Amino acid sequence: MLILLVAYLGGVLTILSPCILPVLPFVFARADRPFRSHGLPMLLGMALAFAAVATLAAVGGGWIVTLNEYGRYAALAVLALFGVTLLFPAVADRMSRPLVALGLRMSEPRGNAGEGAGTASVFSPLLLGVGTGLLWAPCAGPILGLILTGAALNGASVGTSLLLLAYAAGACTSLAAALLFGGRLFAAMKRSLHAGEWMRRAAGAAVLVGVGAIALGLDTGLLARLSVGTTSALEQALVERIKKDAPQPSRESLAAPVALREDAGLVRVSEKEDRPAAVPARELKVEGNFPSLAGATEWINSTPLTPESLRGKVVLIDFWTYSCINCLRTLPYVRAWAEKYRDAGLVVIGVHTPEFAFEKRSPNVRKAAKDLGIDFPVAMDNDYAIWRGFDNRAWPAFYFIDAQGRIRHHQFGENRYDKAELVIQQLLAEAGQKIRVADGLVTPLGQGTQAAPGAQPALSGETYLGHERAHGFASPGGIVRDQAKVYQPASSSLRINQWAIAGDWTVEAERAVLNGVGGRIAYRFQARDLHLVLGPAANGKPVRFRVLVDGKPPLADHGSDTDAEGHGVIDAQKLYQLVRQAGGAKDRLFEIEFLDAGAQAYAFTFG
């Protein structure tokens, strides 16, 4: 109930958003008309358009972005036309005749035109409301973004629909209040100044100015700069309240201490424990049936697979994403199992479920699979359909399925590889397979980003650089969202697990983008390894960089993607190992300077 109330309040606050300002003239333009016959239909049209865009965004994936842009252009055309009709009554009269006639015919009960005449005017404000809603939806703040993110990742549900309804109801409430207040204002002005026609023309001019502002992008550019940030601060506080009250990922299934980083219901699991001794076979309970794989958006190294086609095989499902350090460190074992037990009836399927937008691109994933030496089937799960089918909550995650198509075991995180391999052997034995392989368990040795974590636990955790999930940011003045800003250095004053940027950056929702040459990122960390998810310039041009540790070249402490002097090149969107300390985990100051413009920085991870 509290979450519904917070969503409703978020909708109410949307009217204070800077990019809503150009939309308000469309509302006040009808404020001098009766609320019941004009205000309510307009609100209904707005709610319908808003709900349609939001619902499609929740279930339709990335294609709705393009669709909404076309809707936005259509709305601009409709509203511009509406502004012209306010300025020139003769044009309005000519244009309204077909609409009125159509409305009369549609509302005519059993051919009696007279009975339907009173409702004809409903269609004009309804159409205006639809246009307003199409412009209102893209202006919605972080609360709606949180609701839609949850829906996109976990699937549309009754709960999601109720949250969307509460948000839309809040938006309509504030709009209705503005409309009622505007109606009283218009009435007072008409009585005192007898300026009805003047107000009509002024409203038309305001509408056209608003359309022009939106078409030029001033609604999200200049107006955002003029905003004092009150709405964002209020909505952000409500977002934090939603996150606090929302259900969190269950830790009960974890068999060892695990450090979790939780965001929007998704976690990466980083785990450190002693390697257990081999244990005898134990009873494996049935946890459910093999869910469908039909939600895969693409298959790599295989034609599409189905649970039915895999019946009789033991299947290992590995949920991973290629920029996740914890996933990368499990790959030597997954590859070794796939090779060792392939002839005995094991099928390994990597389900690549992306965290960042660039991980949805087929060329990126195919290149990563090739570079990582993955030759087993990979299902691209861009819409989280397979993830939801397994009710999964973490990267990396293993699900073990027997020859009868039943889930018999699962485990999250790194390590416990001995236990995982013993489960594979047990399920193969149950299937009647004679395991003709070398004695003992696999002991692969990963290199670079696939190397095992250090003996000492990392005291620094995953840190996102995009404003949506950023924490520990210490640059003076804080983050300015989605706008270019020149940030001042703050490396000398950083405390452990704090980070800062310097130079001309634009901090977007999931990344920070460098606008000029010479930008820097600093982080005071304590871990053996430091990794950073990076991407080249938007046009694909490589970006050179140099790394310093405590103000000096890393020398023997350099990572696999830098040399001893700290030099390296960003040539793809992926995870880069920048520091690997020979002396274990120490408190160090990391700095990276980009020698070219356009660098994209997403997240720090440690090990």
Fill in the blank from the handout: In nm, the gap between the two label points placed 7 Å beyond Cα toward Cβ at Asp482 and Phe88 is 3.5
Exercise for the section: Grab the Cα-Cα distance for Ser492 and Glu508, subtract it from 0.36 nm times how many residues apart they are, and report the gain in nm with one decimal. Expected result: 3.2 nm
Exercise for the section: Can you check what the net charge comes to around Ala582, using other residues whose Cβ is under 14 Å from the Cβ of Ala582 (Lys, Arg +1; Asp, Glu -1)? Expected result: +2
Problem - Calculated FRET efficiency for the pair Glu298/Asn539, C-beta based, R₀ 30 Å, to 0.05 - result: 0.75
Problem - Sulfur and carbon atoms: percent of accessible area, region 370-430 [1.4 Å] - result: 43
Handout entry: Projected label distance in nm at Val569 and Ala176, using a 7 Å step from Cα toward the beta-carbon
Key = 6.2
Practice task
First select every other residue whose beta carbon is under 9 angstrom from the beta carbon of Ala451; then total the charges, Lys and Arg +1, Asp and Glu -1.
Solution key: +1
Problem - Vicinal HN-Hα couplings computed from phi for region 327-338 (Karplus, 6.51 cos²θ - 1.76 cosθ + 1.60; Hz; Gly/Pro x) - result: 5, 4, 6, 8, 4, x, 6, 5, 5, 5, 5, 4
Practice task
Note down the magnitude of the dipole of region 334-405 about its Cα centre, charges +1 on Lys and Arg C-beta and -1 on Asp and Glu C-beta and zero elsewhere, to the nearest 20 debye.
Solution key: 220
Problem - Spin-label pair Asn515/Lys370, simplified geometry with 7 Å Cα→Cβ offset, distance in nm - result: 3.7
Fill in the blank from the handout: The set of residues whose placed amide H lies less than 5 Å from the amide H of Arg524, leaving out same-chain residues fewer than 5 positions away, is Asn497, Gln498, Phe590
Exercise for the section: Could you provide, to the nearest whole Å², the per residue accessible area of region 356-425 with probe 1.4 Å? Expected result: 32
Completion exercise
Excluding ligands, DNA and RNA, the carbon-plus-sulfur percentage of the accessible area of region 455-607 with a 1.4 Å probe reads 50
Practice task
Determine the sum of side-chain charges near Tyr523: Lys and Arg each +1, Asp and Glu each -1, restricted to other residues whose C-beta is under 14 angstrom from that of Tyr523.
Solution key: -1
Completion exercise
For His567, other-chain or 5+-apart residues with amide H closer than 5 Å (H placed, Pro excluded) are Val547
Exercise for the section: Apply the Karplus parameterisation 6.51 cos²θ - 1.76 cosθ + 1.60, with θ equal to phi minus 60°, to every residue of region 390-403 and state each ³J(HN,Hα) to the nearest whole Hz, in sequence, with x for glycine and proline. Expected result: 8, 6, 7, 9, 8, 10, x, 8, 10, 10, 10, 10, 7, 5
Problem - For region 522-607, accessible area per residue (1.4 Å probe, heavy atoms of protein chains only), Å² - result: 34
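The values are calculated or read from the model by the stated rules, or taken from the named source; none is laboratory data. Source: prediction; values computed, not measured. Quick reminder, even Gly has a Cβ in these numbers, built from the backbone with ideal geometry, and neighbours come from all protein chains shown. To get the accessible areas, we keep the full protein, side chains included, count just its heavy atoms, and leave off ligands, DNA and RNA. Shrake-Rupley method; radii C 1.70, N 1.55, O 1.52, S 1.80 Å.
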